[in-house]
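Data block below; observations after.
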Amino acid sequence: MTRINNFFEAFGAGVIMTWRAFAMLPAAPRILKRIAEQGFLIGYTSMPIIAILCFFIGSVLAIQAGISLREFGAKEFIGALVGASMARELGPVMVAIILAGRVGSAVTAELASMRVNSEIDALTTMNIPPERLLVLPRLLAVILVMPVLTMMANLVGWFGGAIVCEYVDFIGLSANEFFRNLQAYMKFSDVTDGLIKAEIFGIVVMIISCNTGLRTRGGPREIGLAVTKAVVLSLIAILTLDYFITKLLA
């Protein structure tokens, strides 16, 4: 019963924090520097790991599709399969998981450390809302950056699939054929659905990370626990939302 109460308390605190942050949108022009800084930390520094991960996801997906489709003489459809899978599902989900593990954990640790060291209380005393200075820049940055990261993940994954098709002997499908098939069978909605997912995942991960960090109480041990809690909750939220969003967009 205590855990249920804690969950609803945390959920309510997250909703209030988000409401207060977006209520301060008129102040956004005054914090452009912080938004740009957070965009750099969230987006640019995450690009290498996203590129490596999605390249090999696209490559493995192409190999698995090639193994299955060659038995039916339909290996020319590998492009469509890899393209749609990356755009609709794997691209946005993997970017969100990396965001939770790499960025969300860092955000939680930073805000939890500020809370434990009474820096958040100092901001409140100086009449500086933490939601404006700490939460809003991160939310706006993640909204701006997630579509870019997702499109990059899609392109790198497609490129990885094309290379595998070109150079793996038992597939023997040229890169031109791969992309021609991808273009022929993919719809624009496949890409936009993935971008919608990515935006929602990014916002939810950032809300969970900020809320968990700001609600941390205690000492250094609690900071580690808060980071673990934020990452676990983010992963659960990503996979749960993925099911419902996919159902709604179907």
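The values are calculated or read from the model by the stated rules, or taken from the named source; none is laboratory data. Because the structure is a prediction, the values reported are computed rather than measured. When we count neighbours, we look across all protein chains shown, and the Cβ atoms used for this are built from the backbone with ideal geometry, even at glycine.
Values computed for the structure shown
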{"item": "Meets criteria (closer than 23 Å to LEU139 by Cα and part of a helix (DSSP H, G or I)) for GLY12", "result": "yes"}
{"item": "Hey, ALA226 over 13 Å from the mean Cα position of the chain (by Cα), at pLDDT 90 or above and small (Gly, Ala, Ser) or not", "result": "yes"}
{"item": "Residue pairs meeting the criteria (Cβ under 6 Å; at least 6 apart or on separate chains; first closer than 23 Å to LEU69 by Cβ and touching a residue at least 24 places away in the same chain (Cβ under 8 Å), in the stretch 141-170; second β-branched (Val, Ile, Thr) and part of a helix (DSSP H, G or I))", "result": "GLY157/ILE57; GLY161/VAL82; VAL164/ILE63; CYS165/ILE78"}
{"item": "Hits in the stretch 197-225 - residues which are out of contact with any Lys or Arg (no Cβ under 8 Å at 6 or more places or on another chain) and outside any helix (DSSP H, G or I)", "result": "GLY218, GLY219"}
{"item": "Candidates LEU123, LEU111, LEU81, LEU41, filtered to the one that is assigned to a helix (DSSP H, G or I), surrounded by fewer than 21 Cβ atoms within 10 Å (Cβ to Cβ) and in contact (Cβ under 8 Å) with a residue 12 or more places away in the chain", "result": "LEU41"}
{"item": "Count of residues meeting criterion [in contact (Cβ under 8 Å) with a residue 40 or more places away in the chain, loosely packed, with under 13 Cβ neighbours inside 10 Å and of a type in the set (Val, Ile, Thr)] in the stretch 3-36", "result": "0"}
{"item": "Residue list for the stretch 140-183, filter: of a type in the set (A, V, I, L, M), surrounded by fewer than 21 Cβ atoms within 10 Å (Cβ to Cβ) and part of a helix (DSSP H, G or I)", "result": "ILE143, LEU144, VAL148, MET151, MET152, LEU155, ILE163, ALA175"}
{"item": "Residue in the stretch 89-106 that is more than 18 Å from the chain's Cα centre (by Cα), surrounded by fewer than 24 Cβ atoms within 10 Å (Cβ to Cβ) and of a type in the set (Asp, Glu) present", "result": "no"}
{"item": "Residue list for the stretch 189-226, restricted to those being without any contact (Cβ under 8 Å) to a residue 12 or more places away in the chain and touching an Asp or Glu at 6+ places or on another chain (Cβ under 8 Å)", "result": "none"}
